[in-house]
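Heads up: the structure comes next, in structure tokens.
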Amino acid sequence: MKKIIICFLMFTISASTFSQQTNVAPQLSKQDYRKKNKALETQTNKTKIVGGISGPELLHVGITYRIANSSQLGLNVGAGPSLGTIWTSISLEHRLYLGKNNSRTDLKSWFFRQGTTFFPSAKPPQQFTLNLSVGKDLPFKNPKNGITIDAGVFYLPQSESSSIILIKSLCLWPALRFQLYFTL
């Protein structure tokens with residue numbers, strides 16, 4: 001019984017010594033504490049669920065992942081009506097964020113977006129588009145959520161005959177997107 005009590009006391013003493021050593025933390029000022037929490041929050045909230053309406057992505061939902069303060073990848077699936085059928089789309093995008101960090105989110109908000117959209121229902125020369133646009137993330141009162149608005153052009157091969165094409169000789173169409181984002 002003495003051996004058990006001695007072992008228990010040694011364990012208790014060593015555990016309390018370890019606890020005291022690991023609980024020593026430097027005192028942070030309120031500003032440093034906020035910066036540290038904001039940095040941790042930014043690191044943990046890189047994935048967002050998105051949904052919106054646009055050309056060429058149609059009515060779409062997707063997911064984005066912020067690789068760094070200046071880079072984000074996204075994947076969307078969309079659908080829209082077209083002459084009695086449902087027109088579907090799958091889009092991949094990359095955003096290059098530019099400018100200063102937003103004071104509320106501590107992330108850059110202006111971006112240049114490049115991507116491609118695949119239309120499974122289209123005939124081969126018009127199955128893929130190349131999308132280029134410029135836009136901004138506008139956070140709501142809760143800065144984890146917000147709206148994205150961007151505008152630019154997309155290239156759709158062999159589409160010169162359309163009436164809404166922007167530049168017929170280059171097959172460039174207007175691209176406009178409104179998208180809501182929600183942080184996971």
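If you go through the stretch 159-169 one residue at a time, do you hit one that is under 20 Å from the mean Cα position of the chain (by Cα), outside any loop (DSSP other than H, G, I, E, B) and either loosely packed, with under 14 Cβ neighbours inside 10 Å or modelled with pLDDT of 95 or more (or both)?
No, because not a single residue in the stretch 159-169 is under 20 Å from the mean Cα position of the chain (by Cα), outside any loop (DSSP other than H, G, I, E, B) and either loosely packed, with under 14 Cβ neighbours inside 10 Å or modelled with pLDDT of 95 or more (or both).
Taken over the stretch 154-184, the criterion of being basic (K, R) and either under 14 Å from L130 (Cα atoms) or in contact (Cβ under 8 Å) with a residue 24 or more places away in the chain (or both) is satisfied by R177 alone.
Within the stretch 54-79, the set of residues being more than 14 Å from L96 (Cβ to Cβ) and either small (G, A, S) or without any contact (Cβ under 8 Å) to a residue 24 or more places away in the chain (or both) comprises S54, G55, L59, V61, G62, I63, Y65, L75, V77, G78, A79.
Of all residue pairs spaced 6 or more apart or on separate chains, those with beta-carbon atoms under 7 Å, a first member in the stretch 123-152 that is without any contact (Cβ under 8 Å) to a residue 40 or more places away in the chain and a second member that is open to solvent by 60 Å² or more (accessible area, probe 1.4 Å) and β-branched (V, I, T) are K136/I149; L138/I149; D150/V134; A151/V134; G152/V134.
If you filter the stretch 145-176 down to residues that are in contact with a Pro (Cβ under 8 Å, 6 or more places away or on another chain) and aliphatic (A, V, I, L, M), you find that the one that is nearest to W110 (Cα to Cα) is A151.
The values are calculated or read from the model by the stated rules, or taken from the named source; none is laboratory data. Since we're looking at a predicted model, the values are computed, not measured. Virtual Cβ from ideal backbone geometry, glycine too; neighbours counted across all protein chains shown. Accessible surface areas use protein heavy atoms only, side chains included; no ligands, DNA or RNA. Shrake-Rupley method; radii C 1.70, N 1.55, O 1.52, S 1.80 Å.
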